[in-house]
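Everything on this sheet refers to the single structure shown next.
The values are calculated or read from the model by the stated rules, or taken from the named source; none is laboratory data. Just so you know, these numbers come straight off a predicted model, no measurement behind them. Ideal geometry is used to build each Cβ from the backbone, glycine not excepted, and the neighbour counts take in all protein chains shown.
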Amino acid sequence: MKQIYLDNAATTPLAKEVAEAMIPVLTNVFGNPSSSHATGRKAKALIETSRRDIARRLGCEPKSIIFTSGGTEADNLALRTAVKDLGCERIITSPAEHSAVIASAEKMSTLFGVQLEYVKHQEDATVDLEHLESLLSKGPKTLVSLMHANNEIGVIQPLNKISELCIKYDAIFHSDTVQTMAHYPFSLDSLEIDYLTCSAHKFHGPKGTGFLYAHPKNKIRSQIVGGGQERGLRSGTENLHGIVGLAAAINLAYDDLEGHEKHVRAIKKRMADGLKAAIPGVSFNANSDCESRLYTVLNVKFPPHPNSGMALFLLDLEGVACSGGSACSSGATKGSHVLNSLGYHDPERASLRFSFSRYTTEEEIDFALRAISKVFASVDK
C-alpha cells in the first residue's frame, strides 16, 4: 500500500545529502575526538568545522554552540543552568509549551523550590505581553521560557518583543526553537536571547543530535560529568557522525531557505483549500491555515462524525501518517494539553495535525485528501 507521510513536525526523513555527508564519517573517521593523536584530531576537526558552520548560519560565535542529544536535553540544560548557575528563583512559561519545557520547569520547582508561573495567551494564542510584563514587574530573578513556534498549532511568538521585556526586567530568556530552526532565519547578533534549542531530525538531519545556543555572557555547568567534552559543558564522547549530519542539514536548509518555504507554503495551502472543499464544517485550530502561522503545520478540527474517535487509526489504514491533537483522535482521556490549555479541545470533534516538508508533493496531498474524504464521508441519508 502507498504510504503518505504528513507528520514532519514529529520527525523528518533524512536528506540524501545529509546521509552522504555522514557515511564517510561512519566508515572512515573512527577516532575519539578527545584523543591527541592524528586520528583523534581528525575527528575533533570535523566537530569544530560543524560548530563553525552552524554559528555562521545563525550569526553567533562558535563557542556559543553546545552539542547535545537533541532538543529535550538542550531545554533541560538551559532551564537547570538558569536555576542552578544564574540564580533564577522563578520560571515563567506557558501551559502550551512542549513537555520538555513544562516537565523540566516542574522538576526545577520540585527540586529547588523555584516559583512556577504561567503567562496567559490572547485569543489568537499568542502570548499576552501585558500579562507577561505584569508578571515580570514584580518577583525574584526570573527565567522566561517560551517556544518560538508551537509544534501542534503553529502559533509563532514574537521573540523580539519578549526579548525586550526580558531585558527591561533583567530576566533570562530561553526559547525552544526546535520547530523553527532551519525553517526560518535567525540573526543572533541582533536578537538578544540567552538560550535557543535545536534538534536535527526536525529538518532532515539525524536523530539523536542537536544543540543549545548559550549567549557567551551566561556561564554553564555541565549536567553530565565525567569526560569534560564540549569544553567541560557536556561530558560524553561526541556523536561525531550525528554532529556532521546536523551541520550538513543546516547548511542544506539555509542554502535555499526561501525556496523551501515557498514550496511548503504552497503544499499547505493545497491541503487547507482541499479540506475546505471536501469537508463541510472543517476548521483550523488557532487559525493554523493563516500565513502568519508556522508554514509547516496545519492543525485541523473536523466536524462531528462517527469516525472521530478512530480517525487517526483509519487514516493510517488508508496509508496516511499524521498525528492526533485531541482525545478523540489519540485515545487519551484528556487529549492534547496544548488544545486543552488554549480552549480548542472539543470532545465531539477530531483534531489532527498534518505537517509538511520540502519533500512533500502535490500528489501526496491529493492522495491524503481522498483518504480523509473517505474517513469523514457524509453519513447523511
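A compact table of results
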| read-out | value |
| --- | --- |
| Test set (1) closer than 22 Å to Met108 by Cα; (2) crowded, with 22+ Cβ neighbours inside 10 Å - Gly139 fails condition number | (2) |
| Unmet requirement for Ala45, which otherwise passes all of (1) crowded, with 22+ Cβ neighbours inside 10 Å; (2) closer than 19 Å to Ile250 by Cα | (1) |
| Verdict on Ala272 being outside the structural domain of Pro62 (by TED's automatic domain parsing), without any contact (Cβ under 8 Å) to a residue 40 or more places away in the chain and farther than 22 Å from Val155 by Cβ | no |
| Entirely in region 111-208, the strands (runs of 3 or more DSSP E) that have 1 or more residues that are farther than 17 Å from Thr93 by Cα, among the hydrophobic types (A, V, I, L, M, F, W, C) and within 19 Å of the chain's Cα centre (by Cα) | 195-199 |
| Residue, modelled with the lowest pLDDT, within region 214-243, restricted to residues that are under 11 Å from Phe67 (Cβ atoms) and under 22 Å from the mean Cα position of the chain (by Cα) | Arg234 |
| Single condition Gly70 does not satisfy, out of (1) at negative phi; (2) surrounded by 19 or more Cβ atoms within 10 Å (Cβ to Cβ) | (1) |
